[in-house]
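Okay, structure first, notes after.
Values in this text are rule-based calculations from the coordinates and carry no lab data. Everything numeric here is computed off the predicted structure, so don't read it as measured data. For neighbour counting, all protein chains shown are included, and Cβ atoms are generated from backbone atoms with ideal geometry for every residue, glycine included.
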Amino acid sequence: MKIPTQKSDINNLKLLTMNFSFQNFKHKKNTFYIGLLLIGLALFSCSSDDDTETPPPILEVNDCELYEPTPASGSINATWEMANERDVYANFITIPSDPGGGYVTVTLSQSATGLIPALFVDNDFDAGGTIIGGSAAQTNNVSNRVASFSVHPGASYSVEVYPFFNAADYPVDYTLEWEFFGRIDCFEQNDTQGQAKKILFDETIEAYAIAGFTDYFIASGDDKTYDWYKVELDEPSAIEVEVLDMPNDMRISMRLINTAGTLAGYDFDWLGAETSLNRGRLSKITSTSILNPGTYYIELHADFVESRKSNSDLDPIPEHFNTTYKIKAKKQQ
């Protein structure tokens, strides 16, 4: 017997069963076969018409937006034709617009005996001050000059080079080069409360606390020294936010802002032994009361940063250039 699989087959089976039943209802031995047909009809009808797949649950996700880092670098071979010659390269360093920024290493190299080069970097020499400045006189290699500094997405920096101590003879060839080291931070830009990125409870969040230069200094309260996050509370709970890991060259502080945009009451606790200016010391905050459902903001601030640059090969690369911090938000009943 052909097994009915399509809706048309099932409809034909219904008609066949009705005719068979009316013509043979007095014959007991046919009753058994009619029963089997009716049972089969019911089974195939259910499986064909009523089976529906349960849609998968909608998974809640954070606001991390992954991206590929953009490589960037540059170099120039040039010549000092005479003693004390100053060469300025406007906007020589141009940073990609990757949200997370990163840092740049710039190198000035030459091989003339007796010549000690000087290197200056800034976003605007006419405004006064410099991000990187000085000669190679007090470095490990007095013939070359190398430095690193944190950079802001999309920013440009100009470079000035000249012989600080002159060579015996000119011309002197030199090479000026730079390389960008992008640091992927999928929660940037989140420098203000309006840019706060959603994170989930019980999820470890990892990000960089790199603030790039847009002037010759970075003020401790600049927006770019902050990271903002937000959590959605769906039931009355206290909120705890803990710093799980961090660079040792800065202090991280946090505050909890409530749905009205004002400071929510919280307790602050240091975790671990005391350190100099509490740099690298883990901590946590916990709301002092059960909070109503709603949106709550976490303000994270990196301060007491040892340095945002390595001015020469005598200075180490700042640890926060290559080390992330990690935090986790939890609900406390």
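Give the aspartates and glutamates whose C-alpha is closer than 12 Å to that of LYS330, dropping any in the same chain fewer than 8 places away, or say none.
The qualifying aspartates and glutamates are ASP202, GLU203, GLU232, GLU240, GLU242.
When the Karplus curve 6.51 cos²θ - 1.76 cosθ + 1.60 is applied with θ = phi - 60°, which whole-Hz ³J(HN,Hα) does each residue of the stretch 225-233 get, with x for Gly and Pro?
Working through the residues one at a time gives 8, 10, 10, 10, 10, 9, 10, 9, 8 Hz.
Determine the relative contact order of the stretch 82-159: mean sequence separation of Cα pairs under 8 Å and six or more apart, normalised by residue count, in whole percent.
48
Whole-Hz ³J(HN,Hα) for each residue in the stretch 67-82, computed from phi via Karplus 6.51 cos²θ - 1.76 cosθ + 1.60 with θ = phi - 60°, x for glycine and proline: what do you get?
Calculated HN-Hα couplings, in order: 8, 8, x, 9, x, 7, 6, x, 7, 8, 9, 9, 9, 8, 7, 8 Hz.
Using 0.36 nm times the number of residues separating THR175 and ASP223, minus their current alpha carbon distance, what extension gain do you get?
13.7 nm
Could you compute the FRET efficiency for PHE268 and ILE317, with r as their C-beta to C-beta distance and R0 at 41 Å, rounded to 0.05?
That gives a FRET efficiency of 0.85.
Name the residues whose placed amide hydrogens come within less than 5 Å of the amide hydrogen of ASN123, ignoring near sequence neighbours (fewer than 5 apart) on the same chain.
Here ILE131, SER158 satisfy the definition.
Suppose the chain between SER97 and LYS326 were pulled fully straight at 0.36 nm per residue; how much longer would it get relative to their current alpha carbon spacing?
Residue separation times 0.36 nm, minus the Cα-Cα distance, leaves 80.0 nm.
With r as the distance between the Cβ atoms of THR113 and MET82 and R0 = 22 Å, compute the FRET efficiency 1/(1 + (r/R0)^6) and round to 0.05.
0.85
Given LYS197/LYS331; LYS197/LYS224; LYS224/LYS326; LYS198/LYS309; LYS230/LYS309; LYS197/LYS284, which pairs have Cα atoms separated by over 26 Å?
The pairs that break the limit, which is 26 Å between Cα atoms, are LYS198/LYS309; LYS230/LYS309.
Once phi is turned into θ = phi - 60°, what whole-Hz ³J(HN,Hα) does the Karplus curve with 6.51, -1.76 and 1.60 give for every residue of the stretch 244-261, x standing for Gly and Pro?
Couplings: 8, 7, 6, x, 8, 9, 8, 10, 10, 10, 9, 9, 10, 10, 8, 5, 7, x Hz.
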